[in-house]
Structure formats: structure tokens, C-alpha cells
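All remarks here apply to the structure that follows.
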Amino acid sequence: MHLVLEKRTERSNTIALISPLIAIGLTIVTMVILFAILGKNPLLALWVYFIDPLTDSYSLQEIAVKATPLVMIAIGLSLCYLANVWNIGAEGQFLIGAVAGSWLAVKTHGTDVGAWVLPAMLVMGAVAGALYAMIPAICKVKFGASEILTSLMLVYVADLFLDYLVRGPWRDPAGYNFPTTAEFDPVATVPTLIEGGRLHLGGVIALIAVLAAAILLSRMIKGFEIRVVGAAPRAARFGGFNSNQLILLTFAISGALAGLAGIIEVAGPVGHLQPGFSPGYGFTAIIVAFLGRLNPVGILIAGLFLALTFIGGEQAQIAMKIPLDVTKVFQGILLFYVLACDSLILYRIRLVSASPQVPSGTA
């Protein structure tokens, strides 16, 4: 006897829509068990994680700040995934965008420059992210290399490159030997939207990205091509769609949005470049993309939900001494259940008995 996955003849659209809710419910049940194992009150832990942050105006702003890079990166990743190409290296593109934009902030630090610095930094971050994403895209198109492996390996290259810069040529001489650049000048920082808060202009840019992606996928021929190439590659070839061009295009857009998110994060909430400024936004955005069903509006909602787990995890660490790594466990379990639910929508599990083998040479 063995288990096999059998493709369903048709799938339920209703189940497909509520699948993320099922995944969230299963994740919460699993976390209740985990909290109990840790010796914590499960109900109190869930309250601190998911309710407390919604009762404070400062925490609400922090949720929006955390959601900004998640949503921007996930929007770009969704275009890749809809085209059936797999950009797993958004974290590296996020870091490279931050490095490229920070170069201008470092070079102009302490000089009398104008307001052009911040727009130039944003452009440099987006361009650098797009170019970095083109490396695995070109390797796939020209040499057939797996974009999953190449994009993932480039994350470590970007991380080590950033580490070298802030510990070497870009290190702040007045920074007491800490691996960080000098604080960016006011003209090189993203302006805040609320006096005394941390909500910044990046949130507006993220909303623009959501709107642009929604228009692209629903109103433009290029969005139609992306969806057709991903869903029916053979039909796309008959339709004259060039899959290689779409691979390059989707990777470029994905990298640009990740790089833009990177420089916005550094020039906004952080204020300088340092190692570890990202808590893994590029990887968490993969969960956001799938939890949002690769739909721009769904991604916006999913991004806010994952941002809530970040803020709730920080509060649980302070209030209940729950390790912050539990948040990463939560996110990993959530991704597992999202993918499991999606698989069961398309396939059913069957128990099949092994057929008896007929001895060779028998009639």
C-alpha cells in the first residue's frame, strides 16, 4: 500500500478562495500547541500577537511601515510566479537596491546638495535591483540554468557585499567602530507622513505599486500574456507570445520593486546602511505573494497580516518573554499550510495497493 497524488478533474473555486483562511486557521491551531509546549498561555499569546497591536495608534503605524517592503516585493514576485518563473532571490535584490541607493547618500553626506538626492537614490535602487535580478533571468534564458538556485545564491553575494562595505570603505569614522554608515542627511531620507510617527512616503509608493499591478494584470495585454504563459505555455506559443522576453520582463520588474523597497527601507525607518537591517523581507514576501493568491489586492491584505505578526512577535517578546524566532516559525508554518492547501485543491490523496508482480517467464 502506498499514497499517491491524483490530479482532480476540476477544482472548487470557493475552496480556492477560502484556502488562505484555512491555512491561517491551521497555523493558529499549530501555534496554540507550540505556545503550550513553551509553557505560555496560548490565548494570551494570541491576544498579544494579533489583537494588542491593533489597539495602539503607534503600533498601527508600525504595521504599515513593516508592510511597505513586504507588499512591494511580493507584487514583483507575483508577476514572476504568474509567469511560472521562480524568483527566490528577492532578498538579494532588496539588499543590492539598498546598497546602490546608499552610495549616493554616503558620497553626498555633509555636502550642500539639493532635494534631487532622494529621487536619484530611489531610481538607483530600483535600477540596481532590476539589473541584479537580470542575472538569474539571463542565465535561465541563455543557458537553461535553474533560476531558483541562481537567484537564491545571489542573496548571499549581496549580503556579504553589504557587510564588506559597512565594515570597510563606508564605515562611519565617528561610529565607534560599529559596522554602519553615517546617518543619512535629511535630503537623503524618505519624508514621514505623520508628525512624530514613522509612517513614511514609502507606504504611498507601495499602494501605487498595488494599483499599477492590478491595472497591468486586468487591463493590459502584457498582463494577459503573463497569465497565459504561466497557465498554458503551449497555448502561449501558438499565440505567438515570447516566453523568454516575459522571463526577462518579470524578473526586471520584480528586481526593480525589491531594490526600490530596499532603498526606501534604508532611507526611511533605518536612516543608515548596516548589516542585518532586513529581517528577511525578501523571503517573507514569498509567503505574502502566495497567501494573497498572487492577486495585488490580496497581497496588500496579506502583507498587512504578516506585518502584524512581526509587530506582535516583538510585543510578545517583551510582554511574555517569547523568543522572537517564534515569529519566523509562525511564518514558515503558514507557508507550509498555504502550499499544502493549494496542493490539495489541485490533487487528491489516494491509498493504492501495490499490484502483485508477475514472475518473468510465466504464461
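Among the residues of the range 287-297, those that are assigned to a helix (DSSP H, G or I) and open to solvent by 20 Å² or more (accessible area, probe 1.4 Å) comprise Phe290, Val297.
Every condition in (1) closer than 30 Å to Leu249 by Cα; (2) open to solvent by 30 Å² or more (accessible area, probe 1.4 Å); (3) among the hydroxyl-bearing types (Ser, Thr, Tyr) holds for Tyr81 except the one numbered (2).
Restricting to the range 181-200, count the residues that are in contact (Cβ under 8 Å) with a residue 60 or more places away in the chain and in a loop (DSSP other than H, G, I, E, B). Number satisfying all stated conditions: 11.
Of all residues being assigned to a helix (DSSP H, G or I) and touching a helix residue (DSSP H, G or I) at 6+ places or on another chain (Cβ under 9 Å) in the range 111-121, which is farthest from Phe251 (Cα to Cα)? Just the residue, please. Among residues in the range 111-121 that are assigned to a helix (DSSP H, G or I) and touching a helix residue (DSSP H, G or I) at 6+ places or on another chain (Cβ under 9 Å), the one farthest from Phe251 (Cα to Cα) is Val117. Within the set Ile311, Ile318, Ile322, the sole residue that is free of Cβ contacts under 8 Å to residues at least 60 places away in the same chain, hydrophobic (A, V, I, L, M, F, W, C) and over 27 Å from Ala16 (Cβ atoms) turns out to be Ile318. Looking at Leu294, Leu249, Leu273, which is the one that is among the hydrophobic types (A, V, I, L, M, F, W, C) and at positive phi? Step by step, each of Leu294, Leu249, Leu273 is checked, and only Leu294 is among the hydrophobic types (A, V, I, L, M, F, W, C) and at positive phi. Considering Thr189, Thr181, the condition of being in contact with a Lys or Arg (Cβ under 9 Å, 6 or more places away or on another chain) and on the phi < 0 side of the Ramachandran plot is satisfied by Thr181 alone. Looking at the structure I just gave you, is Ile215 hydrophobic (A, V, I, L, M, F, W, C), closer than 30 Å to Leu79 by Cβ and either open to solvent by 40 Å² or more (accessible area, probe 1.4 Å) or in contact with an Asp or Glu (Cβ under 7 Å, 6 or more places away or on another chain) (or both)? Spelling it out, Ile215 is indeed hydrophobic (A, V, I, L, M, F, W, C), closer than 30 Å to Leu79 by Cβ and either open to solvent by 40 Å² or more (accessible area, probe 1.4 Å) or in contact with an Asp or Glu (Cβ under 7 Å, 6 or more places away or on another chain) (or both). Could you please give the count of residues in the range 156-171 that are buried (at least 21 other Cβ atoms within 10 Å of the Cβ) and within 17 Å of Gln93 (Cβ to Cβ)? The total comes to 2.
If the condition is being touching a residue at least 12 places away in the same chain (Cβ under 8 Å) and under 19 Å from Pro179 (Cα atoms), then the range 141-167 contributes Tyr156, Val157, Ala158, Asp159, Phe161, Leu162, Asp163, Leu165, Val166, Arg167.
Consider Leu199 carefully, then state whether it is modelled with pLDDT of 95 or more, of a type in the set (A, V, I, L, M, F, W, C) and either within 14 Å of His272 (Cα to Cα) or open to solvent by less than 70 Å² (accessible area, probe 1.4 Å) (or both). So Leu199 fails the test.
How many residues are within 30 Å of Tyr81 (Cα to Cα), of a type outside the set (S, T, N, Q) and not in a helix (DSSP H, G or I) if we restrict to the range 122-180? Total meeting the criteria: 2. When Ile135 is tested against the conditions (1) within 20 Å of the chain's Cα centre (by Cα); (2) open to solvent by 20 Å² or more (accessible area, probe 1.4 Å); (3) in contact (Cβ under 8 Å) with a residue 24 or more places away in the chain, the lone failure is (3). Scanning the range 231-247 for any residue that is of a type outside the set (Val, Ile, Thr), in a helix (DSSP H, G or I), over 21 Å from Phe94 (Cβ atoms) and open to solvent by less than 20 Å² (accessible area, probe 1.4 Å) turns up at least one such residue. Among the residues making up the range 105-132, those that are surrounded by fewer than 24 Cβ atoms within 10 Å (Cβ to Cβ) and farther than 18 Å from Ile205 by Cβ are Val106, Lys107, Thr108, His109, Gly110, Thr111, Asp112, Val113, Gly114, Leu131.
Of all residues in the range 60-110, those being without any contact (Cβ under 8 Å) to a residue 24 or more places away in the chain and assigned to a loop (DSSP other than H, G, I, E, B) number 0. If you go through the range 249-283 and keep only what is part of a helix (DSSP H, G or I), in contact (Cβ under 8 Å) with a residue 24 or more places away in the chain and open to solvent by 10 Å² or more (accessible area, probe 1.4 Å), you end up with Leu249, Ala252, Ile253, Ala256, Leu257, Leu260, Glu265, Gly268, Pro269, Phe283. Considered as a group, the residues in the range 312-325 that are within 20 Å of the chain's Cα centre (by Cα) and open to solvent by 10 Å² or more (accessible area, probe 1.4 Å) include one that is farthest from Val48 (Cα to Cα), and that residue is Asp325.
The values are calculated or read from the model by the stated rules, or taken from the named source; none is laboratory data. All values reported here derive from a predicted model rather than from experimental measurement. Virtual Cβ from ideal backbone geometry, glycine too; neighbours counted across all protein chains shown. What goes into the accessible areas is simple: the full protein's heavy atoms, side chains included, and nothing from ligands, DNA or RNA. Shrake-Rupley method; radii C 1.70, N 1.55, O 1.52, S 1.80 Å.
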